[in-house]
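Student: The structure under discussion is supplied below as structure tokens; questions concerning it will follow.
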Amino acid sequence: MLADPTSTPLPTLLAVVGFPYAALVGVRILLRRHAHGASYGVSLLVFAIAGFLAWLGAEIDLPLTVGSGTSDVRTVDIPLLRTTAELAAASVVSAFLLQVLDLALRARGRDRLLQFQRVALWLAGVLLGAVAIYQVHFAETLPIRTAVLSIGGASVFIVGLALQSTLGNVFAGYGLQASKVFRKGDFVQLGLTGGNPVVGVVWDSTLATTRILTRDGQMLVIPNGSLLSKDFLNLNQPNPQLREKIRVGISYDVPPANVKDAAAQILASEPNVLQDPAPNVWLVDYGDSSIVYELVFWIPSYAERDETLDRVRTRLWYALKDAGIEIPFPIRTIKMSSADEERARAAAGQSRLDTAVAALRACELFDERGMSAAERRELSRAAIECSFVRGEHVVRRGEESDAMFVVVEGACAVVLPNGDRIALGPGAHFGEIALVTGERRTADVVADSERTNLLRLPKASVEPVLARRPEFQTRVAAIARERREATLGAGAAPSNREDGSGFIRALLRLIRPF
């Protein structure tokens, strides 16, 4: 029973404080726009509004005439606001207990409840609350047999006719979730590869619809009934590993054995390429201007697909270039230049490459202990030459960047937050913190000579070496950690460790109004 405004002060105080408090919690839950908390937030709002109005005495009596025959007809007044508030209270209790159960499952490392399990348990809780309300308020004036015969038959017919399409989607959603065709977070592809497939991540799946976040960042909402009629691939189940292919055309002048050897070395040393099943390199076609080879390999999951294909293609280009293997194109290019110009251009490019290789060899981080001569040459091809004058900033504290630098000529100075300066001469390097951790720059670095030449090494060029050589990665990470501690002080990084209070904090978020 709801409180009477003329009752004792304690129930009055509870009503005056409790109903606004429930409304605030409900609004906060709804503003979070979390699908799992929608029923909890809506129920709280309905309970607060209907309950407060009923407590103030603004009741709406709904006359209901029922009967199973001409001689057994009666009229029952149903207090609409009070009954709505009590049903909403039953829904609040049921939804709150479901939230607690979900938190307990997650705290123990288990998956959330499936959506159809949540709906079934919530409906069971509301039904128990409705039975309790009937027994307290209507059992004497409205026999259960009369209520079922008068209300039940017509309601079932009307609701079933109106919700025919919705119920079809609900049953389809039940089948999808019960059979676990996909889970939240799975990569799926709608449509077969030959058509125009849509690839995305399962964002959420309810009993009525499934939401898929496409690779273009768009939210695709599909009724479950329609989803069952589409061809779709689950790229994560039963095995997340995927088979990929890369085709490349090579000149007819190059022996196939040389091409296969260069490509096989790349596939054998690439971290994201699985070695079981073993990768292969096949000669698949004789084209008009080239022999076509196909690199066939397996990757751990679709999430690594784009990055892995990019790295394999990039490394393949460098490997073929270093081996003098031509990748021909079916185009005609006419260059109007003299032989002297061509030789000068080639000599300048070779000189730049030799300078970069020598600079990396002089740097302790890139010596023979860290990488091979071929890897230094690979890094040198991707390095960017930069020149600065005295006092010019190379990097600024707080800016975002993912590149490191090597001093080739001249000098730089690292300006720490406390004003101290650290001199860096030829062969020195800096920027490892941003490259390894992705953090913002922790100090200013300025040119400290009349002319300072640097090599800028982007993260995309250093990452393959870090992945292939654990010892090099360990050295870079150790240097980055030491320099970060020297710049910011030891222990400045916040801890991400979770403790047992996480469950309590999540539980308190369910009942706090702000």
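Student: Measure off 7 Å from each Cα along the Cα-to-Cβ vector at Arg243 and Ala130, then give the distance between these two points in nanometres to one decimal.
Tutor: In this crude spin-label approximation the distance works out to 5.3 nm.
Student: Write down, largest first, the equivalent ellipsoid semi-axes of the stretch 319-465 in whole Å, where each equals the square root of 5 times an eigenvalue of the alpha-carbon gyration tensor.
Tutor: Details: eigenvalues 213, 65, 44 Å².
Its equivalent ellipsoid spans semi-axes of 33, 18, 15 Å.
Student: Mind scanning Lys184/Lys230; Lys260/Lys321; Lys184/Lys459; Lys180/Lys230; Lys245/Lys459 and naming the pairs with a C-alpha gap bigger than 23 Å?
Tutor: Numbers: Lys184/Lys230 19 Å; Lys260/Lys321 14 Å; Lys184/Lys459 32 Å; Lys180/Lys230 17 Å; Lys245/Lys459 25 Å.
Checking Cα-Cα distances, Lys184/Lys459; Lys245/Lys459 exceed 23 Å.
Student: Just how many % of Cα pairs in the stretch 242-322 lie over 21 Å apart, if you round to the nearest whole percent? Walk me through the intermediate numbers first.
Tutor: Working: 786 of 3240 pairs.
Considering the stretch 242-322, 24 percent of its Cα-Cα pairs are separated by more than 21 Å.
Student: Still on this structure, please answer the following. Note down the nm distance, to one decimal, between modelled labels 7 Å out along Cα→Cβ at His137 and at Val27.
Tutor: 2.6 nm
Student: Determine how many Å³ per residue the convex hull of the Cα atoms of the stretch 181-234 encloses. Intermediate results must be reported in sequence, preceding the final value.
Tutor: Values: hull volume 3.9 nm³, N = 54.
Convex hull volume per residue, Cα atoms: 72 Å³.
Student: Report the paramagnetic label zone for Val16: residues of the stretch 44-63 whose backbone N is under 14 Å from a point 7 Å from Cα along the Cα-to-Cβ axis.
Tutor: So the set is 56.
Student: Also, I was wondering about something else. Roughly how many Å is it from the Cα centre of the stretch 449-468 to that of the stretch 303-332, as a whole number?
Tutor: After rounding, the separation between the Cα centres reads 21 Å.
Student: What list of ³J(HN,Hα) values in whole Hz, one per residue of the stretch 274-280 in order, does the Karplus curve 6.51 cos²θ - 1.76 cosθ + 1.60 (θ = phi - 60°) give from phi, with Gly and Pro shown as x?
Tutor: Result, ordered by residue: 6, 9, 9, x, 6, x, 9 Hz.
Bear in mind that the values in this text are calculations on the coordinates, not laboratory data. Keep in mind the model is a prediction, meaning the values are calculated, not measured. Using ideal geometry, Cβ is built from the backbone for each residue, glycine included, and neighbour counts are taken over all protein chains shown.
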